[in-house]
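K.L.:
The structure that follows is given in the form of structure tokens.
The values are calculated or read from the model by the stated rules, or taken from the named source; none is laboratory data. What you see is a predicted model, and the numbers here were worked out from it, not measured in a lab. A quick note on method: Cβ atoms are made from the backbone with ideal geometry, for glycine too, and the neighbour counts reach across all protein chains shown. The protein model used for the area step is the full one, side chains on, heavy atoms only, and it has no ligands, DNA or RNA in it. Shrake-Rupley method; radii C 1.70, N 1.55, O 1.52, S 1.80 Å.
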Amino acid sequence: MRDVYVLATSCTAFGKRPGDSFKDLSREAYLDVIADAGWDNGDAIEQAWFGNCGMGTFGQRNIRGQVCFTPLVREGLFPERVPMINVEGGCATASMAFHGAWKDVASGDMDVSLAIGVEKTFVQGDAARTLEIFEGGIDQMDPQEWHDYYAKRGEEAGKPFDPNAAGGTVFMDTYAMQAAWHMKTYGTTQEQIAIAASKNHWHGSMNPKAQYRFEVPVEEALADREVSWPITRSMAAPIGDGAAAAILVSEEVLARQPKDIRDRAVKVRASVLTGGKYRDPSEPGLSRVAAQKAYAKSGLTPADVDLIELHDATSFCEIFQLEMLGFAEDGKGGKLVEDGATKLGGRLPVNLSGGLVSKGHPVGATGLSMIHELALQLRGEAGDRQTGRARIALAENGGGVIGFDEAACSVILLEAPSA
């Protein structure tokens, strides 16, 4: 397997963008990533991976990427006859697109591959269509299976399962049950979850691309409208739209780029995917398996990681994933957050972008937005939220739901430019 480099990244502003179509968002992210590479067009691209979850709800059930890129091909901005592979993996969709592009280059099959994720989850005046997009992330063929699973888990957590408790949003209720189980088992507190939320809203207030650019004190996070106890609105990701992209290249292609572009290239140390299952709450999640595989493939350990972007669809996820990824013992993630280790200036900054709760969570774009943030940080280009010099960064992105697991999980390890 060859070394692979992230030559360029892009991310649109996230938020409710009813005036922008999927084609508009695709164009914005694509032209921005081409510009970041210092290119006039994408003629060097040999293959593309297009990530999206919700276009079927808008009537485009197939050939989604091809449809969105048709105008770009016509205008000579994207090369003709280049294959585009459509990818869907729930909230892990964009990371799957990244993984596909990474394999293209690592295998030697391609020298330049594009990954792009595009999503619209906000449908103005039609919340039912928004819900339809998210409902695709859980088994619709045999729903009784997960109803029975959550009923049992709710009893164990001391939080009875009520699929309508969070206004019909099953996913928030499942996260809340996991948080309740963790609190009951390890003594994790709602205040620790609020601290994670408040910290990420602070980070997001410094991110010009974030959907929410305001601070939320811990006390306000605790007092905010309850979504599903112990999760409040401030501790949950919002509904929104956006797109993100990355261009991955071989070392040979990188060597031909101008020095200012070469000096910004981020090396991919590992890209790993795992699949979920119905597990016992005491059993580790699929992100632990993904992380262990990524560490083994890269020769790195958690001690080598300097900063993290992780999937905090709710702020409890930060606590849980810090444990799964090897940065805290089981049950000790809340204390790590409470001690300030994961905030800007702490020893292990997490979600300097603002995370999903503040930056936003347009599901098909989320994973690549994490790569964009980490690339900015590793290059020293993150502005007010820039951490100290960091060498190794980790992205964790989960998608879909199977019981207390995600259906899919991605862990990616990146290394800073050597210059």
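K.L.:
I'd like the distance between the alpha-carbon centres of the stretch 67-117 and the stretch 311-335, rounded to an integer number of Å.
P.N.:
When both Cα centres are located, 32 Å separates them.
K.L.:
Whole-Hz ³J(HN,Hα) for each residue in the stretch 14-26, computed from phi via Karplus 6.51 cos²θ - 1.76 cosθ + 1.60 with θ = phi - 60°, x for glycine and proline: what do you get?
P.N.:
8, x, 7, 10, x, x, 10, 8, 4, 5, 4, 5, 4
K.L.:
Still on this structure: Carbon-plus-sulfur fraction of the accessible area of the stretch 1-112, 1.4 Å probe, in percent?
P.N.:
Carbon plus sulfur share of accessible area: 47 percent.
K.L.:
Here's a follow-up. If you line up the long axis of helix 366-379 against the longest principal axis of the chain, both from Cα atoms, how many degrees apart are they, to the nearest 10?
P.N.:
Around 70 degrees separate the two axes.
K.L.:
Something else: Per residue of the stretch 218-233, in order, report the coupling 6.51 cos²θ - 1.76 cosθ + 1.60 (Karplus, θ = phi - 60°) as ³J(HN,Hα) in whole Hz, putting x for Gly and Pro.
P.N.:
4, 4, 6, 4, 5, 8, 5, 4, 6, 8, 7, 3, x, 8, 9, 4
K.L.:
Students often get this wrong, so check it: of Lys199/Lys335; Lys120/Lys359; Lys152/Lys277; Lys23/Lys259; Lys152/Lys184; Lys103/Lys293, which have C-alpha atoms separated by over 23 Å? If you can, show how the numbers build up before the last one.
P.N.:
Numbers: Lys199/Lys335 14 Å; Lys120/Lys359 15 Å; Lys152/Lys277 16 Å; Lys23/Lys259 33 Å; Lys152/Lys184 15 Å; Lys103/Lys293 16 Å.
Beyond 23 Å: Lys23/Lys259.
K.L.:
While we're looking at this one, here's another question. Per residue, what accessible area does the chain have, given a 1.4 Å probe and all protein chains present, in Å²? Could the numbers behind the result be given before it?
P.N.:
On the way: 15640 Å² over 419 residues.
Ligands and nucleic acids excluded, the result is 37 Å² per residue.
K.L.:
Which cross-chain or sequence-distant (5 or more) residues have an amide H under 5 Å from the amide H of Arg269, H modelled 1.01 Å from N in plane?
P.N.:
When sequence neighbours closer than 5 places are left aside, the close amide H contacts are Leu413, Leu414, Glu415.
K.L.:
To the nearest 10 degrees, how steeply does helix 286-298 sit against the main Cα axis of the chain, on a 0 to 90 scale?
P.N.:
Orientation of helix 286-298: about 40 degrees from the principal axis.
K.L.:
Over the stretch 1-160, how many percent of alpha carbon pairs lie in each 5 Å bin up to the one with the longest distance?
P.N.:
2, 8, 15, 18, 18, 12, 10, 7, 5, 3, 2, 0
K.L.:
Only sites in a loop by DSSP and with at most 10 other Cβ atoms within 10 Å count here; which GluC sites (Glu not before Pro) in the stretch 365-419 make the cut?
P.N.:
On the way: sites: Glu373, Glu381, Glu396, Glu406, Glu415; in loops: Glu381, Glu406.
Passing both the DSSP loop test and the Cβ count: Glu381.
K.L.:
Please list the non-local residues whose amide H lies under 5 Å from the amide H of Ile85, H modeled 1.01 Å from N, same-chain partners needing a gap of 5 or more.
P.N.:
Ala48, Trp49, Phe50
K.L.:
Also, I was wondering about something else. Specify the angular offset, from 0 to 90 degrees and rounded to the nearest 10, of the alpha carbon long axis of helix 190-204 from the longest principal axis of the alpha carbons in the chain.
P.N.:
Roughly 20 degrees between the two axes.
K.L.:
While we're here: Using modelled amide H (1.01 Å from N, peptide plane; none on Pro or chain starts), what sits under 5 Å from the amide H of Ala8, excluding residues fewer than 5 places away?
P.N.:
Ile247
K.L.:
Find how much the distance from Asp280 to Glu252 grows on full extension, using 0.36 nm per residue of separation minus their present alpha carbon separation; answer in nm with one decimal. Before the final figure, lay out each step's value.
P.N.:
Details: separation 28, 0.36 × 28 = 10.08 nm, distance 4.67 nm.
Taking 0.36 nm per residue and subtracting the Cα distance, the gain is 5.4 nm.
K.L.:
For the stretch 156-268, evaluate the Debye formula with one uniform point scatterer on each Cα (no solvent term) and list log10 I(q)/I(0) at q = 0.10, 0.13, 0.16 Å⁻¹, rounded to two decimals.
P.N.:
Taken in order of the listed q values, log10 I(q)/I(0) reads -0.48, -0.67, -0.81.
K.L.:
Under a point spin-label approximation (7 Å from Cα along Cα-to-Cβ), what is the Glu46-Thr189 distance to one decimal in nm?
P.N.:
Between Glu46 and Thr189, the simple spin-label model gives 5.6 nm.
K.L.:
Another question, then. Would you please state which residues of the stretch 171-208 a label at Glu226 would reach in this model, taking the label point 7 Å out along Cα→Cβ and a backbone N cut-off of under 14 Å?
P.N.:
Within reach of a label on Glu226: 173, 176-177, 180, 190.
K.L.:
Could you check which residue among Lys120, Lys332, Lys152 shows the biggest mean-square fluctuation in a GNM of the chain with a 10 Å Cα cutoff?
P.N.:
Comparing Lys120, Lys332, Lys152 in the GNM, the peak value goes to Lys152.
K.L.:
Which FRET efficiency, nearest 0.05, do Arg389 and Gln144 yield, Cβ-Cβ r, R0 60 Å?
P.N.:
Efficiency, from the Cβ-Cβ distance: 0.70.
K.L.:
Sorted by average packing, counted as other Cβ atoms within 10 angstrom per residue and highest first, what order do 65-71, 256-262, 55-61, 28-34 take? Intermediate results must be reported in sequence, preceding the final value.
P.N.:
On the way: 65-71: 18.6, 256-262: 12.4, 55-61: 14.9, 28-34: 22.4.
The peptides rank, most packed first, as 28-34, 65-71, 55-61, 256-262.
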